Number of protein chains: 2
Amino acid sequence: MVDRTSGVPAFRQVAADLREKITAGQYAPGSQLPSERDLVETYGVSRPTIRDAVNVLRTEGIVVAEHGRGVFVRPPASIQRISRNRLSREARERNEGAFLADAAALGFTPSSSVKVNFEAADNRTAGYLDIEPGDEVTVRDRVMRANGLVVQLAVSRLPRALTRGTAIEEVDTGKGGAYARLEEAGHLIGRFAEHVGARMPTPQEASALQVTPGVPVITVTRVAYGQDGKPLEMNDMVLPADRYELSYEWEAD
Amino acid sequence: MVDRTSGVPAFRQVAADLREKITAGQYAPGSQLPSERDLVETYGVSRPTIRDAVNVLRTEGIVVAEHGRGVFVRPPASIQRISRNRLSREARERNEGAFLADAAALGFTPSSSVKVNFEAADNRTAGYLDIEPGDEVTVRDRVMRANGLVVQLAVSRLPRALTRGTAIEEVDTGKGGAYARLEEAGHLIGRFAEHVGARMPTPQEASALQVTPGVPVITVTRVAYGQDGKPLEMNDMVLPADRYELSYEWEAD
DNA sequence: TAGTGGTCTAGACCACAGC
DNA sequence: CTGTGGTCTAGACCACTAT
């Protein structure tokens, strides 16, 4: 029952009570909450108010609703820990790129689909790649799957001048991936930088990554620089935050 | 007006239409949306349906509602870009730690409050610090502010054995911060690792960081290792994702 | 078929901002 | 005082899941 004199909105009281029962283990991970109509009777409020309360927990990612089945306590997702030393040249020579390296290390069956096209650079792209806005760039748009489930979106952009006549403009870049083709063309990679942020997914990203509402995405923009310091490639990656953790390591001095 | 034959829920149609007008610039950053009662007439749906639509945009972080004033297009937050070179020994010697180094670089007035206490290590802490669960750890709980606004929460834990008799157990760790005190005590830092994730804030974090609903937090667990490879300190940081971007850089080989 | 969540209505009253 | 968002009601009907 809710306290009508506290000044706290009823739906927040209900949400807080349910949240407490979940964290206390009274509703275990994976278990079903009472139906909305049952909660109406338990708390003595109308159904829209119960729905407001449940929606609070949904946007917090604590529960998921399944149409026709019920509302369930979301079990903690298994997290893939990815460390960044995977980008060594040695690893690139062994296999077909960073994502397949992860797959090998983590033991899942990888697959991906790629679209290649050519665009004029927008301001952001031009800034990262140190070219003029409007210059032609090669765009590789990838959807990566683990055991059939989409786990990562990546859009890679390179100055067209670097990719002409190479397999980077093909769907299949061949053994070692795009980085290997760059190095064969004489563009040795000297340095990587990654810029990491987080935000809520766009509707398209949410459906592509099959994340439930309330789960943010991690955004990573990786820039590969040549040994002369010139940018060779930028790669915008979008990862579901409930399935990934990124690790970085460096010497203290 | 909404299309009742499309099968798409009315509130999603309204949300999509508003989102489009916002990204197209028809409602500029900082500007006010039409009132909910105006939108009721515009789209021909009831007020709760309009509220559902606006709530979609709120959880996406696109708009913010201000009670009694209106709904406003959220201006892009100014993002602080933090790169890892802030942890150089040189920087540590110049000032009082990583956060103050950021402040100096970015030109805001920093302040922070600290609580120090001692706890028994839980399993996670014991795992990171390579000690036994139940061993005593020194806990430094910090709230960091920029120009008075809370921008970062950090909880630092060290094995008590390393901090006894040092200023690390004081609220004021003195010039150079906790890392400087560790090195004075003979524990030279050899390596850092950072583990980065993202999630929705807990209600406490949301109010402490004053993030609007729908903005995720970035979590960073930094572990400092001694030159012998033994963990010296772990630091759990929570950053509002709309105000931070993290950068990491490394050599290709 | 019964039970579940998903959507929607047409109101009502309250709390806050600003003139 | 007016206009704004915040909360809440008591229903209704639909779409999906499971038996």
Would you check if there is a residue in segment B:20-33 being within 11 Å of DNA strand C (Cβ to nearest atom), buried (at least 18 other Cβ atoms within 10 Å of the Cβ) and modelled with pLDDT of 90 or more? no
Please determine whether any residue of segment B:63-71 is in contact with a Lys or Arg (Cβ under 7 Å, 6 or more places away or on another chain), of a type in the set (Gly, Ala, Ser), modelled with pLDDT of 70 or more and within 13 Å of DNA strand C (Cβ to nearest atom). yes
Over segment A:228-253, the set of residues within 7 Å of chain B (Cβ to nearest Cβ) and farther than 20 Å from residue A:75 by Cβ is A:246, A:247, A:248, A:249, A:250, A:251, A:252, A:253
What about residue B:89, is it modelled with pLDDT under 85 and either surrounded by 14 or more Cβ atoms within 10 Å (Cβ to Cβ) or within 30 Å of residue A:56 (Cβ to Cβ) (or both)? yes
Filter segment A:5-37 down to residues that are assigned to a loop (DSSP other than H, G, I, E, B) and under 13 Å from residue A:51 (Cα atoms) and give me whichever is nearest to the chain's Cα centre (by Cα). A:33
If a residue must be more than 14 Å from chain A (Cβ to nearest Cβ) and within 13 Å of DNA strand D (Cβ to nearest atom), how many such residues does segment B:8-39 contain? 11
What residue, of A:137, A:143, is modelled with pLDDT under 95 and part of a strand (DSSP E or B)? A:143
Looking at (1) within 15 Å of DNA strand D (Cβ to nearest atom); (2) surrounded by 11 or more Cβ atoms within 10 Å (Cβ to Cβ); (3) more than 21 Å from residue B:59 (Cα to Cα), which is the one condition that is false for residue B:2? (1)
Among residues of segment A:40-57 being in contact with a Lys or Arg (Cβ under 9 Å, 6 or more places away or on another chain) and within 11 Å of DNA strand C (Cβ to nearest atom), the residue farthest from the other protein chains (Cβ to nearest Cβ) is A:40
Flagged pairs (Cβ under 6 angstrom, 6 or more apart or on separate chains; first in segment A:149-162, in a helix (DSSP H, G or I); second at pLDDT 95 or above and of a type in the set (D, E, K, R)) are A:160/A:136
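Listed here are the residues, each with its yes/no results for (1) under 27 Å from residue B:76 (Cβ atoms); (2) crowded, with 18+ Cβ neighbours inside 10 Å; (3) assigned by TED's automatic domain parsing to the domain that holds residue A:113.
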{"site": "A:163", "(1), (2), (3)": "no, yes, yes"}
{"site": "A:171", "(1), (2), (3)": "no, no, yes"}
{"site": "A:177", "(1), (2), (3)": "no, yes, yes"}
{"site": "A:188", "(1), (2), (3)": "no, no, yes"}
{"site": "A:203", "(1), (2), (3)": "yes, no, yes"}
{"site": "A:214", "(1), (2), (3)": "yes, yes, yes"}
{"site": "A:226", "(1), (2), (3)": "no, yes, yes"}
Just the residues that are of a type in the set (Ser, Thr, Tyr) and in contact with a Gly (Cβ under 8 Å, 6 or more places away or on another chain), please, taken from segment A:1-41. A:35
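The values are calculated or read from the model by the stated rules, or taken from the named source; none is laboratory data. All of these numbers come straight from a predicted model, not from anything done at the bench. Note: ideal-geometry Cβ built from the backbone for every residue, glycine included; neighbour counts use all protein chains shown.
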